[in-house]
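What follows is a single structure, written as structure tokens, with notes after it.
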Amino acid sequence: MRQKIVAGNWKMNKTLEEAKALTFELLRLVDGTTKAKVVLCTPFPYLLPIKELLGDNKQIKVAAQNCSEHESGAYTGEVSAAMLKSMDVPYVILGHSERRQYFGEDGKLLAKKIDKALEHHVTPIFCCGEPLEIREKGTHEELVKQQIEESLFHLSGEVLEHHVVIAYEPVWAIGTGKTATSQQAQDMHAVIRKHIASKYSQTVANSIPILYGGSVGAANAKELFSNPDVDGGLVGGASLKSKDFSEIVKAI
Ligand code: PEP
């Protein structure tokens, strides 16, 4: 059985007080309702205070939204994987389309960030997904396979099998209210799994949680999560509201 995960990507939103209030609510609404792991991807400054609020909660964990490809040193404003590990942060999102688009992160750089995260035992949630023009051209499967090859295929099967989470997020569905259909999500997840099986093995492919992201909400989560290759979601906008997010978690 693959681990089911629902991750909320808070992006650059909320004051500390608002973030704490959201966490309190989630603890009340979500705790113990499913077997899914719930991951709160908070801004860096909130990782420790939110972690403290969660205490030793086994189900709800925090994640960072990025980390440096460097170990340490003169990189003003950056946060390293070693720092995340030292704060006991178990996950980090890498390769989100907003990082690719606004901060020029490409597959090669992301491979280095993945290595740093893994070196420090922080599990990467690696995002991939195509922009609208690629979907319209019909080359979306090739692009997503290439993104995975560039950033993950240097890893050993053992590492991929146990220490990586993938999130398929079609860029045209992020923050747009336009969700991929359940079939489109399932099709791409199956393509990703097949591609991993062709390079590694079916066992490796079957073990990796693949999350869907892109305008997941309380109304569409159940259908999306019911697909055999969809192991949960990476949720942006709807993760900022406790009621919506808790309903998404319960949909798994
Ligand atoms: C995201 O940013 O990863 C995301 C999926 O956002 P939204 O749910 O708002 O589309």
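The values are calculated or read from the model by the stated rules, or taken from the named source; none is laboratory data. Predicted model only: the values in this text are computed from it and were never measured. Neighbour counts are summed over all protein chains in view; Cβ atoms, including those assigned to glycine, are modelled from backbone coordinates with ideal geometry. Ligands, DNA and RNA are excluded from the accessible area calculation, which covers all protein heavy atoms including side chains. Shrake-Rupley method; radii C 1.70, N 1.55, O 1.52, S 1.80 Å.
Points worth noting:
- The amide H of VAL164, built 1.01 Å from its N in the peptide plane, has no neighbour under 5 Å, considering only residues 5 or more places off or on other chains.
- Residue among PHE126, PHE225, PHE153 with the largest mean-square fluctuation in a Gaussian network model of the chain, springs linking Cα atoms under 10 Å: PHE153
- In sequence order, calculated HN-Hα J values of segment 10-24 (Karplus, 6.51, -1.76, 1.60; Hz; x Gly/Pro): 6, 6, 9, 10, 6, 7, 4, 4, 5, 5, 5, 4, 4, 5, 4
- Dipole magnitude for segment 68-114: computed about the Cα centre from +1 point charges on Lys and Arg Cβ and -1 point charges on Asp and Glu Cβ, it is near 120 debye.
- Simple point charges give the picture: +1 on the Cβ of Lys and Arg, -1 on the Cβ of Asp and Glu, and for the chain a dipole about the Cα centre of about 520 debye.
- Total lysine pairs under 18 Å (Cα atoms) in segment 23-109, excluding pairs fewer than 8 apart on one chain: 9
- Dipole of segment 58-98 [Lys/Arg +1, Asp/Glu -1 at C-beta], most positive-end residue of SER72, LEU84, SER97: LEU84
- Residues in segment 34-40 carry Karplus couplings, in order, of 9, 8, 5, 7, 10, 10, 9 Hz; the curve used is 6.51 cos²θ - 1.76 cosθ + 1.60 with θ = phi - 60°, and Gly or Pro positions show x.
- Highest-MSF residue in the chain out of ALA167, ALA185, ALA74 [GNM, Cα springs under 10 Å]: ALA74
- Placing unit charges on the Cβ atoms of the charged side chains and taking the dipole of segment 103-155 about its Cα centre, the candidate lying farthest along the positive direction among THR123, LEU109, LEU155 is THR123.
- Nonlocal amide H pairs with GLY213, under 5 Å, H built at 1.01 Å: TYR168, GLU169, LEU234
- Taking amide H positions as modeled 1.01 Å from N, with prolines and chain starts lacking one, the residues under 5 Å from ALA64 and 5 or more places away or on another chain are TYR91, VAL92, ILE93.
- Accessible solvent surface per residue of the chain, calculated while the other protein chains remain in place, 1.4 angstrom probe, Å²: 45
- The dipole here belongs to segment 126-194: it is taken about the Cα centre, uses +1 on the Cβ of Lys and Arg and -1 on the Cβ of Asp and Glu, and is about 200 debye.
- Ligands, DNA and RNA left out, the 1.4 Å accessible surface of the chain is 53% carbon and sulfur atoms.
- Using a probe of 1.4 Å on the protein chains alone, the accessible area found for ASP187 is around 70 Å².
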